[in-house]
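Heads up: the structure comes next, in structure tokens.
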Amino acid sequence: MSGDAAPGVGAGPGGGAGPGDAPAPGGDAAPGGAQAPGGVPGRLLELAVADLALIERVRIPFADGLNVITGETGAGKSLLIDALGLALGARADPGLVRHGTETARVEALFDRLPEPLVCVR
């Protein structure tokens, strides 16, 4: 998988409620543990992954509203969810580093006030 956008990723028509439109269940801390104004966590704006398992390099911008990730079995959908977890502090498994490379990199950009939050791992 490589390129600037993943196939099958897009926003639903008409906007609608997104993950940043309501407080997180069970708490009101923003990603990374920082408090957001009004108790509303920032919305995920972009996820960038490099050298993680079968993903060579991908940068996925997320639109307002519902975003859907689709693809065939083995295309890497679950890896994108795992990558987001890594960016937010999940335990890393060295076996996830792409064969032939020494390191993997994951970046998640959140729209949070007063300034955006970038989580890198």
Inset, instruction - With the checklist (1) of a type outside the set (Ser, Thr, Tyr); (2) at pLDDT below 95; (3) surrounded by 15 or more Cβ atoms within 10 Å (Cβ to Cβ) in hand, flag the one item GLY89 doesn't pass. - result: (3)
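Mind listing whichever residues of segment 57-82 are assigned to a loop (DSSP other than H, G, I, E, B) and in contact with a strand residue (DSSP E or B) (Cβ under 7 Å, 6 or more places away or on another chain)?
Result: PHE62, ALA63, ASP64, GLY65, LEU66, GLY76.
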Inset, instruction - Six or more apart or on different chains, Cβ under 9 Å: which pairs go from a residue in segment 43-60 that's at positive phi to one that's polar (S, T, N, Q)? Could you list them? - result: ASP51/THR101; ASP51/THR103
Inset, instruction - Kindly indicate the residue of segment 62-82 that is of a type in the set (A, V, I, L, M, F, W, C) and within 20 Å of VAL106 (Cα to Cα) and also farthest from the chain's Cα centre (by Cα) among those meeting that condition. - result: ALA75
Inset, instruction - Kindly provide the set of residues from segment 83-118 that are under 22 Å from GLY42 (Cα atoms), touching a strand residue (DSSP E or B) at 6+ places or on another chain (Cβ under 8 Å) and part of a helix (DSSP H, G or I), ordered by number. - result: ALA83, LEU84, LEU86, ALA87
Inset, instruction - Would you confirm whether any residue within segment 43-54 is surrounded by 15 or more Cβ atoms within 10 Å (Cβ to Cβ) and more than 14 Å from the chain's Cα centre (by Cα)? - result: yes
Inset, instruction - Pairs only if they're at least six apart or on different chains, beta carbon under 7 angstrom, first in segment 70-99 and free of Cβ contacts under 8 Å to residues at least 60 places away in the same chain, second assigned to a helix (DSSP H, G or I); list them, first residue then second. - result: LEU88/PRO31; ALA92/LEU86
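The values are calculated or read from the model by the stated rules, or taken from the named source; none is laboratory data. These numbers were taken from a predicted model, which means no experiment stands behind them. Here the Cβ is made from the backbone with ideal geometry for all residues, glycine too, and neighbour counts use every protein chain on show.
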